[in-house]
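The values are calculated or read from the model by the stated rules, or taken from the named source; none is laboratory data. Keep in mind it's a predicted model, so treat the numbers as computed, not measured. No Cβ is skipped: glycine too gets one built from the backbone with ideal geometry, and neighbour counts run over all protein chains shown.
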Amino acid sequence: MSDRDWSLTSRRTVLQTAAAVLGGSIALSPSAAAAAAPPSERFSERWWAVVQNSEEETTVPTLFVLDDESETTALEEMGVKNLRTTTATESPAAYGEVPVNSQVLYSLARGDVARTVLYAPGANPFWKLEHYPNRVFPEPSAATGYVDYAEFEQGIDRLVDEHGDMLRYRSVGESPGWLDREARSTAPKDVWVVELTNDVRDRESFAEKQKLVVTLGIHGDERSGAEAGMRLVEDVVSGDAESVASALDDVALVFLFPNPDGWAAKSPLLVDGRFRDANTFKRSTATGNDPNRQYPTAGWIDPAHHPAEPRGRNLRDDGAGVDEDVPEEPVDYTEQVPDSLAVVEHLRSYENVTWAADLHGMFASETMMELLSANHAYDFADAHAIFEYADRLRGRLDEELAPLLSERESVLTEEVKAMQEAYGMDERPPVPTEPFAAGTIFDAVGYSTTGGLVSWLALSEEEGGVGARSVAFEMALDNRLRGSIEYRPDLLDLQMVGHRTAIETLVEAATAEADAAVETPDGETTAFVAADALRASSADLPFVTDDGETTDEGDDERTSTAESVTVAPDDTATRTVTVAEETHSVSGRVRAASGAVDVDLLDPSGSLVRTYEGETLATSAKRTISFVVSDPTPGEWTLRLTNGVGGEATVDVRTTAATGDGSPNPLTTLGYEQRQYEVTPLDVVGPYRSFLDRSDAVTTVTTDDVSNGALDGVDNLVVPHGVGTDRDAYVSAIDDFVAGGGNLVLTDAGVELLGDLSADPAGSVDADAVSRATTTTAAVTERVDDSTLLSGTTPIQRELAKAGALGYVVDAAAAETPMYLVDPAPFESDGGDVAGWRVVRRQSDGGESDSGESEGDANASESTAKKVALGTLSGDAGTVHVVGSLLPAPSQSNLHPFGLQGHAPSHCGYTVLANALGHATPPSE
């Protein structure tokens, strides 16, 4: 058969003919699962299986073991691309990319070139021969691609062999595992932990050291963090990272690789049984779960998640390993999230975990790298320490990353152009020009989460965590476009500089002296007004007995559905969800494998409740949309999936309904008992006081104390609630306090006191000027950056308190968190200074809620109003500050099996409070 005949013949016919000519059998398509033997004994079975299961015209990374180096000429003539050679091995070898092309495959099979042909994915072209010409994990410019999962295992094993006094690694568990086409069974992968410190095998010394946990690649399609972490480990043990190595007598770094499924999914031999995009890095694990939503965090837990608590049903540790009473009903956690169970169990075994960082990737952004503080109730000292670290990191990145952004502007612009084309955007996404920004998760990415790894790591040991100062990082342009990620060494190198600098600076922060304190004016006293009505206790829940046990009585339950839906071009598919009476919430997720669809959610009356246009899926920045509807109307709800992009779209649709009269019972809904708690927003006083230079500068008083003259000698008063406003003596006492020159901070429901006070400057605001809105989280929509109240905060900081930790649903389109706002006209008429605005939507019932700026809100076009959420009224004598939401009372209305936190101010919220009280926060580095 001539070469021309081969090029004109279909792949199926070609392979059939090749099999006949070569006397072997060839599987005809990827679905044949590579059962056929290789047509040449020179081909390894794995290489041939990969060829059979790769798309036509893609390339297979291949290692050729040669008899003579001159054979590379023949390989080039056959069509092998990007050849590299070495003679430093026992036999000469060449690496190249073999096109899955009939002519090339036939030439290789019938020729006599190369002694052995091996599948060799990864960064080092010769790792299969254990040949490392320069380093185990080559620099991006020298690499042939991203480090392969198996390459990492072999490479880290070699580093441990050579540097066993500094490195120790171990498997702490397994992933769920994709279907392996060769083995015809699932193939779980090891969850690896790498420990780096001096004298690492001296476990007594190791236990005493500070631990810095760095998690890499929890989303498998966000590669730069893992790439940076591996190479930093090698640099440290090789003597090329002195800033880290010099701290290893006192500090141990723990590098965790929590999502091997997402990493290994790039292999054509591993199959996602639901979708056709198996040959790419993936965000999820093999059970379709986002691994960064499955951890047992305090506060609201989405019933659709699978929170991994290895202590079992009763949340009590029964010994080493994952407890036998980890629930199997209504969710089999050991099947769904074995990886997360193993991670929690292992990280709890460490003592002295002081810091943790989770390295992520994002899409386009004006900022190359962003720090995200965990959704946790940090005290003021820890919140300040995190942002002091952020300031230190900002300085380092200005020196090291900023010049690279300018130098590689063309590379960044090219990547953004590709994104614009892939997403079909009318406007080009932003090109990163600023090195760094710091805020909360909501500040950085515009939404909040539940079940995140960094938020679990931040919990105290008593709450089930490890007590770390915990942050996540987002790296721009580190996520996949369409079906796969193109390896861009010049971009990866830039991203690695950012991640490496973050880790090195974290080591510096861990070893720095911690002597900062908030300065308070001499002699001044601040009082917080407490109220028993703000207290929330697990004992108040109807399913908790007097002795704290959780009963399984009642009809509360969780029901889930999952299916794959194919939508033809210019067509619409619908799926219905039956919502029963007393359904507490419905959670949904739509994730794409191919194509793109718009998603609409309609209630039983046909009204549009959520809409996501152009947000899903395979071609969008998220590829997944999720939603939560609280207190849904009973009846048939409809998900409408519209494919207006062209090309067939395949999506995975999952819904979960939780029923319950009031807060759902976690035992019947998730299989876990309720963790006991008793909290109040006034719990913030102790941690705030402990960060002051004078411990006697802050106290608490009751509403009765205020009525009875307790404000004599008090300079600052914080009122975070509306309790007592119906008592004339209480209101009169606060009026007198302001008239006498006192400094009053009204936050949360306390803002309603404005309508009751007559003393200047509060007298200009009537009761009808104050309104209660419900919002996605406690945040301002718009900052006034030169305001005194916002002094010491960063430009992206808008969130004042982290609502999810307090029990509120933080779905992007939900509106549950209370926020108290003031009409601008009366506030500004008497010289009020606005520091932050909140845009809200007016409702027909007289209430207000989020404006619809959050994606997914179907009512964004309704009438909106811009109101004061943060500001100061100054009079001739006293001052009144308004903080619309800072210490909201915890909500017990939603599922919260792992307890609640009583307060959760962000660093921005703490700083606003300190500014309002005239307290000086420590200067940054």
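Yes or no: Ala114 hydrophobic (A, V, I, L, M, F, W, C), on the phi < 0 side of the Ramachandran plot, buried (at least 19 other Cβ atoms within 10 Å of the Cβ) and not assigned by TED's automatic domain parsing to the domain that holds Lys266?
no
Please work out which residue is nearest to Ala342 (Cα to Cα), limiting yourself to region 172-196 and to residues that are of a type in the set (S, T, N, Q) and in contact with an Asp or Glu (Cβ under 8 Å, 6 or more places away or on another chain).
The extreme case among them is Ser175.
Could you tell me whether Ala383 is closer than 30 Å to Leu401 by Cβ, at pLDDT below 95, aliphatic (A, V, I, L, M) and not assigned by TED's automatic domain parsing to the domain that holds Ala562?
Answer is no for this residue.
Quick one: is Glu513 closer than 30 Å to Ala596 by Cα, more than 19 Å from the chain's Cα centre (by Cα) and either without any contact (Cβ under 8 Å) to a residue 12 or more places away in the chain or not in a strand (DSSP E or B) (or both)?
So Glu513 fails the test.
Among the residues in region 86-102, are any surrounded by 15 or more Cβ atoms within 10 Å (Cβ to Cβ), in the same structural domain as Ser40 (by TED's automatic domain parsing) and assigned to a helix (DSSP H, G or I)?
yes
Among the listed residues Ser849, Ser854, identify the single one that is at pLDDT below 80, part of a loop (DSSP other than H, G, I, E, B) and touching a Ser or Thr at 6+ places or on another chain (Cβ under 6 Å).
On inspection, the qualifying residue turns out to be Ser854.
Just checking, which of Glu370, Glu388, Glu434, Glu463 is under 30 Å from Asp250 (Cα atoms), touching a Ser or Thr at 6+ places or on another chain (Cβ under 8 Å) and in contact (Cβ under 8 Å) with a residue 24 or more places away in the chain?
Residue meeting the stated conditions: Glu388.
Per-residue answers, yes or no, for (1) buried (at least 24 other Cβ atoms within 10 Å of the Cβ); (2) under 21 Å from the mean Cα position of the chain (by Cα):
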site	(1), (2)
Ala877	no, no
Val880	yes, no
Leu887	yes, no
Ala904	yes, yes
Ala920	no, no
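Glu462 passes all but one of (1) among the acidic types (Asp, Glu); (2) over 23 Å from the mean Cα position of the chain (by Cα); (3) modelled with pLDDT under 95; which number fails?
All conditions are met except number (3).
If you check Ala74 against the conditions, is it small (Gly, Ala, Ser) and surrounded by 22 or more Cβ atoms within 10 Å (Cβ to Cβ)?
No; evaluated as a whole, the condition is false for this residue.
It is to be established whether one or more residues within region 528-546 are more than 25 Å from Arg231 (Cα to Cα), part of a helix (DSSP H, G or I) and in contact with a Pro (Cβ under 9 Å, 6 or more places away or on another chain).
Yes.
Which of (1) over 30 Å from Ala517 (Cβ atoms); (2) crowded, with 24+ Cβ neighbours inside 10 Å; (3) touching an Asp or Glu at 6+ places or on another chain (Cβ under 7 Å) does Gly312 not meet, given it meets every other one?
Among (1) over 30 Å from Ala517 (Cβ atoms); (2) crowded, with 24+ Cβ neighbours inside 10 Å; (3) touching an Asp or Glu at 6+ places or on another chain (Cβ under 7 Å), the lone unmet condition for Gly312 is (2).
So Arg181 passes all but one of these: (1) buried (at least 20 other Cβ atoms within 10 Å of the Cβ); (2) modelled with pLDDT of 95 or more. Which condition number does it fail?
(2)
Going by the structure shown, is Pro897 surrounded by fewer than 22 Cβ atoms within 10 Å (Cβ to Cβ) and either touching a Lys or Arg at 6+ places or on another chain (Cβ under 7 Å) or free of Cβ contacts under 8 Å to residues at least 24 places away in the same chain (or both)?
The answer is no for Pro897.
Which members of region 584-603 meet the condition of being charged (D, E, K, R) and either in contact with a helix residue (DSSP H, G or I) (Cβ under 8 Å, 6 or more places away or on another chain) or closer than 18 Å to Arg283 by Cβ (or both)?
Of everything in region 584-603, those that are charged (D, E, K, R) and either in contact with a helix residue (DSSP H, G or I) (Cβ under 8 Å, 6 or more places away or on another chain) or closer than 18 Å to Arg283 by Cβ (or both) turn out to be Arg589, Arg591.
Val233 - would you say it is crowded, with 24+ Cβ neighbours inside 10 Å, assigned to a strand (DSSP E or B) and of a type in the set (Val, Ile, Thr)?
In short, no.
Which one is farthest from the chain's Cα centre (by Cα), of the residues in region 69-116 that are among the small types (Gly, Ala, Ser) and within 16 Å of Trp48 (Cα to Cα)?
My answer is Gly111.
Return yes when Asp540 is out of contact with any strand residue (DSSP E or B) (no Cβ under 9 Å at 6 or more places or on another chain) and not assigned by TED's automatic domain parsing to the domain that holds Pro258 and no when it is not.
Considered against the rule, which asks whether it is out of contact with any strand residue (DSSP E or B) (no Cβ under 9 Å at 6 or more places or on another chain) and not assigned by TED's automatic domain parsing to the domain that holds Pro258, Asp540 comes out as yes.
Can you find even one residue in region 796-805 that is at pLDDT 95 or above, assigned to a strand (DSSP E or B) and touching a Pro at 6+ places or on another chain (Cβ under 7 Å)?
Looking through region 796-805, at least one residue is at pLDDT 95 or above, assigned to a strand (DSSP E or B) and touching a Pro at 6+ places or on another chain (Cβ under 7 Å).
Step by step: first the residues of region 416-438, then only those that are under 23 Å from the mean Cα position of the chain (by Cα) and assigned to a helix (DSSP H, G or I), then the one that is farthest from Ile796 (Cα to Cα). Which residue is that?
Out of the qualifying residues, it is Tyr423.
Would you call Asp426 surrounded by 17 or more Cβ atoms within 10 Å (Cβ to Cβ) and acidic (Asp, Glu)?
The answer is no for Asp426.
Are any residues in region 391-415 surrounded by fewer than 17 Cβ atoms within 10 Å (Cβ to Cβ), within 26 Å of the chain's Cα centre (by Cα) and within 28 Å of Met425 (Cβ to Cβ), and if so, which ones?
Ala402, Thr413 - these are the residues of region 391-415 that are surrounded by fewer than 17 Cβ atoms within 10 Å (Cβ to Cβ), within 26 Å of the chain's Cα centre (by Cα) and within 28 Å of Met425 (Cβ to Cβ).
Condition test on Ser771, is it more than 30 Å from Glu366 (Cβ to Cβ) and surrounded by fewer than 17 Cβ atoms within 10 Å (Cβ to Cβ)?
For Ser771, the condition - more than 30 Å from Glu366 (Cβ to Cβ) and surrounded by fewer than 17 Cβ atoms within 10 Å (Cβ to Cβ) - is not met.
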